[in-house]
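The values are calculated or read from the model by the stated rules, or taken from the named source; none is laboratory data. Keep in mind the model is a prediction, meaning the values are calculated, not measured. Note that we place each Cβ from the backbone using ideal geometry, even for glycine, and neighbour counts take in every protein chain shown.
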Amino acid sequence: MKSTVHRRALIRQVRTACGCAFAMLIASVPASAQAGTANEDALRAAMLINMMRFIEWPSHKQDVDRGQTVLCILGADPIGPSVDRIVQSQAASGRLVQVRHLASTDSAGGCHVLYVSLGERKHVEHSLPALVDAGVLTVGENSNTNTPAQLIGLPLVDDHIHIEVNLPQAQHAGFTISSKLLRLATVNH
Amino acid sequence: MRLISLRHFSFPSLITAVLMLHAGTALAQQGADALASASLEDLTQISVDVSSFARKDQDLWKTPAAAFVITQQDIAHSAASSIPELLRMVPGMEVDQVDAGTWAISARGFNSVYADRLLVLIDGRTLYSEIYSGVHWDQVDLPLDLVERIEVIRGPGAAVWGANAVNGIVNIITKKPRKTIGTRVSSTISRVNDQVAVTYGAPIGDRVQFRANANFVDRRPLETSSGTLAFDGENTLRGGGRIDWQRTWADTLSLSGDLYGGHLRQNVLREIAVPVGPNGEDTGSIAGGFLNGQWEHKTGQTSSAVAVYFDDQSRHEIGDYDRMRTADVDYQAHRAAGESNDLVWGGEFRFTDDHTAGSVLLTTRSEYRHYLVDGFLQDDLTLVRDRLILTLGSKLEEGSLAGFQVQPSARLLWAPDTKQSLWAAVSRAVVAPAIQERGIVVPLHFGTLDGLPETATITGSADFKPEYVKAFEAGYRRRLKHGLSLDLAGFYNRNYRLTAIAVSQYTVVPTPEPHIAISLPYVNGYDAHSFGIESLLSWDVRPGLSFRISETCEEAHTFQRLPGSVYIVDSFSTPRNNVFGSASWEFRPKWSADAFLSRVGAISTPPVLATEVSLQAGDYAPAYTRLDLHVSHAIGHGFDLTAGGTNLLTPRHIEFFDGTDLIYPNYVPRSLFLRAKWSF
């Protein structure tokens, strides 16, 4: 009986020692930085606007833009209020982005960026290829996989929002996408 | 590397050493202005908030509680085809399949088929059955395609969620219809489970989207110890829908509803004196539905929500029919007050009508009506900006099941930098007694004693008091380099007034024919101390390759608080040790392979009535090892195919047994599966 107790005590000691060694091993590895959290919609809105500075539009589109970038949101999307707020605050610092909330693609030809709300995706699938050819950067919340004619996808993967770029199609339509953006993005070939 | 002597090493000094190692920038939840000025690189690093702990969106790493989120990627990389099976990947969660349609699921011990310490919610609607005192997991069969995420909190959450959020909360959040536009068909064929689900979603105009869905699940019989098919199995058909209306940017209205029904077969203990087959074969049915309306108003950092739901569930089993109807109205609001206070508050009114009937009535009355009125307030008080946060809150509730209850909680989170956080908490939480403990009448027959038939009756007690827990918890999270992260949590719970059965004197009753009668009333017969450590080490090596290892060690000591022959019903029934590892690897574009290996220790708590009823010594649940493997391939055009197997290492194993449940457990067999999904 006594030896059993001793053995148990020994096992317990070894276990505790292993646990502590494990914790020390973990503690000795340097930690990495991390950037906090945000609401998903606000985060996607900020990424959408930030991303625009890494895009160069086809030359025929640049001729008509008079220095102003037109960001269109098709359908009622939860990113809408955040986009409006960011653009208003940036207008004060002189950056020219105009936001248009659209209910259909009829007037989307004048947009530089067309963010297609999930609810509208199925409706407008047929009209997107023509818009891409006309120099409209099509962006959506879903992954580019299974979303043809979407040049940029901002899907939620685990707890982060990823950037996906459909590079061949974007290049074919005459867009130039900065290597800085491509470095952060998953590029579909 | 040489291991230094750890003989004189104390845990507090280790914590201090760890915390002194690094100092850096502060944890931050990003507001719109901060996001607008952040670089794109930073934006890709920011993670998305969780909402279950404090009923508001917040940083998982800033949550002063043991939290884990099952994401859509986790679901896609899991072999699980049902929600209970998915929960196996949660550290500290004990998931045991009992028969084809029954699971025993709990965290922090005291597991049983009707584990009443875990609060399970779907979109804010509680699934707790106050007749059975637990969750019927077979009714939680919504298609996994519709799950946005599952947030799991281990430990008490009663300060905001109320009674029964004692050992954990499982909050299942379904996708908004705008995320399920189009048609999806998914189908699984396997040894244990065949199912098919169809979902169709479409927008109506600019601001309204809806979806309709239907699914059929056929849970095939498990096995007996010898490998023959057991007498169990269940099939259910479910149809439902949801419609969302974004009335303005700030307001969203949502209405969802489901109807379901099915048939089940199960083995119940032969000793129950109800009309079932000679070996306890029982056939029954389930049916139910719900309607859930929600209005959410969100502006910047403030939000409020009103939810109204009506739920109707009925079961016909063990010769008994029961129906529970619930009407619930819930309001909650979230608002920052000044620089350093962040408030969440709310109130709820619930009314339930429980009806039972049957040739042998298993309850003292056939009608029970209950009400619950409650209110809560919780404040995150920032002591040092982004570094030291004190969370104080409590729920006050008055109801016919648990009486008047105060369930306070105090939590402190210290984030010395953005890479690590340390938290500690003290809480009180209550388990509301169910009709099971107050009004049950279960007749048993035990054969003969001295030539006389021996009968017994398990009876509820009208004066059964609510069980309560004083919980002490602490945790540590740390992000390491090279994609490694660590999450540790420890708990020490003092459980009071656990359910037990008192064995009274044997009496000889002369009528209608002479027999021996034993009365087995439910009593608050035991207290317990339970404690444990839950750990998770995750390693995201690179996009497409990740590993997780988790170990949970826990145990309990119980103390009899009443004199005499008192047998505990709320036994710990949880393995001392549970280890799992998982790997997920996208080995080439559109191909991925996943593995899940777990070693679950034996459930050592002896069955309560084993000496009295027809259980064999081998009916304890010994330790088992489980391996699930599968390969997935995205074929293109929205078509995904997955093939693999579950429980591959052994032909069959038993997962749960504690002798307090009426359901007889069966063996979980090895199974191969094929899953196809098509979205268009």
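Data for the structure
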item	result
Failed item, numbered, when residue B:385 is tested on (1) closer than 30 Å to residue B:114 by Cα; (2) surrounded by fewer than 22 Cβ atoms within 10 Å (Cβ to Cβ); (3) of a type in the set (Lys, Arg)	(1)
Near pairs, Cβ below 8 angstrom, 6+ apart or cross-chain, from the range A:109-128 (over 18 Å from residue B:175 (Cβ atoms) and more than 14 Å from chain B (Cβ to nearest Cβ)) to any residue that is surrounded by fewer than 22 Cβ atoms within 10 Å (Cβ to Cβ) and of a type in the set (Lys, Arg)	A:111/A:100; A:112/A:61
Some residue of the range B:472-480 being among the aromatic types (Phe, Trp, Tyr), within 14 Å of chain A (Cβ to nearest Cβ) and assigned to a strand (DSSP E or B)	yes
Given (1) touching a strand residue (DSSP E or B) at 6+ places or on another chain (Cβ under 8 Å); (2) surrounded by fewer than 17 Cβ atoms within 10 Å (Cβ to Cβ); (3) under 30 Å from residue B:653 (Cβ atoms), number of the condition residue B:228 does not satisfy	(1)
Top-ranked residue of the range B:452-495 - restricted to ones that are of a type in the set (Val, Ile, Thr) and surrounded by fewer than 21 Cβ atoms within 10 Å (Cβ to Cβ), ranked as farthest from the chain's Cα centre (by Cα)	B:455
Conditions (1) among the aliphatic types (A, V, I, L, M); (2) in contact with a Leu (Cβ under 8 Å, 6 or more places away or on another chain); (3) at pLDDT 95 or above: number failed by residue B:613	(3)
Residue ID - nearest to residue B:198 (Cα to Cα), chosen from residues in the range B:265-287 that are buried (at least 19 other Cβ atoms within 10 Å of the Cβ), among the hydrophobic types (A, V, I, L, M, F, W, C) and modelled with pLDDT under 95	B:268
Matching option when the condition is at pLDDT 90 or above, of a type in the set (D, E, K, R) and closer than 30 Å to residue B:516 by Cα, among B:470, B:465	B:465
When residues of the range B:183-214 are limited to those that are over 21 Å from residue A:124 (Cα atoms) and without any contact (Cβ under 8 Å) to a residue 24 or more places away in the chain, the one nearest to the other protein chains (Cβ to nearest Cβ)	B:198
Odd one out for residue B:307 among (1) touching a helix residue (DSSP H, G or I) at 6+ places or on another chain (Cβ under 9 Å); (2) surrounded by fewer than 21 Cβ atoms within 10 Å (Cβ to Cβ); (3) farther than 23 Å from residue B:658 by Cα; (4) of a type in the set (Gly, Ala, Ser)	(1)
Subset of the range B:177-195 (residues that are outside any strand (DSSP E or B) and in contact with a Lys or Arg (Cβ under 8 Å, 6 or more places away or on another chain))	B:177, B:180, B:181, B:191, B:192
Some residue of the range A:72-82 being out of contact with any strand residue (DSSP E or B) (no Cβ under 9 Å at 6 or more places or on another chain), at pLDDT 80 or above and either among the aliphatic types (A, V, I, L, M) or not in a strand (DSSP E or B) (or both)	yes
Lone qualifier among A:88, A:98 - being within 14 Å of chain B (Cβ to nearest Cβ), farther than 21 Å from residue A:188 by Cβ, not acidic (Asp, Glu) and not in a loop (DSSP other than H, G, I, E, B)	A:88
Test result for residue A:137, away from chain B (no Cβ under 14 Å), free of Cβ contacts under 8 Å to residues at least 40 places away in the same chain, of a type outside the set (S, T, N, Q) and over 30 Å from residue B:546 (Cα atoms)	no
In the range A:140-168, residue nearest to the other protein chains (Cβ to nearest Cβ) [restricted to those that are buried (at least 19 other Cβ atoms within 10 Å of the Cβ) and more than 14 Å from the chain's Cα centre (by Cα)]	A:147
The range A:172-184, subset closer than 16 Å to residue A:52 by Cα and free of Cβ contacts under 8 Å to residues at least 24 places away in the same chain, residue surrounded by the fewest Cβ atoms within 10 Å (Cβ to Cβ)	A:179
Helices (runs of 4 or more DSSP H) lying entirely in the range A:102-189 (those with 3 or more residues that are touching a helix residue (DSSP H, G or I) at 6+ places or on another chain (Cβ under 6 Å) and not acidic (Asp, Glu))	A:179-184
Candidates B:396, B:361 - the one that is in a strand (DSSP E or B) and either under 28 Å from residue B:521 (Cβ atoms) or in contact (Cβ under 8 Å) with a residue 12 or more places away in the chain (or both)	B:396
Neighbours by Cβ (under 7 Å, 6+ apart or cross-chain): first from the range B:573-593, in contact (Cβ under 8 Å) with a residue 40 or more places away in the chain; second in a strand (DSSP E or B) and among the basic types (Lys, Arg)	B:582/B:548
Unmet requirement for residue B:447, which otherwise passes all of (1) part of a strand (DSSP E or B); (2) surrounded by 15 or more Cβ atoms within 10 Å (Cβ to Cβ)	(2)
Restricting the range B:13-67 to residues that are within 13 Å of residue B:389 (Cβ to Cβ) and at the interface with chain A (Cβ under 7 Å from one of its Cβ atoms), the residue that is modelled with the lowest pLDDT	B:27
Where residue B:498 falls short, out of the listed (1) on the phi > 0 side of the Ramachandran plot; (2) under 22 Å from the mean Cα position of the chain (by Cα)	(1)
Test: residue in the range B:553-571 that is modelled with pLDDT of 90 or more, acidic (Asp, Glu) and either touching an Asp or Glu at 6+ places or on another chain (Cβ under 6 Å) or surrounded by fewer than 17 Cβ atoms within 10 Å (Cβ to Cβ) (or both)	yes
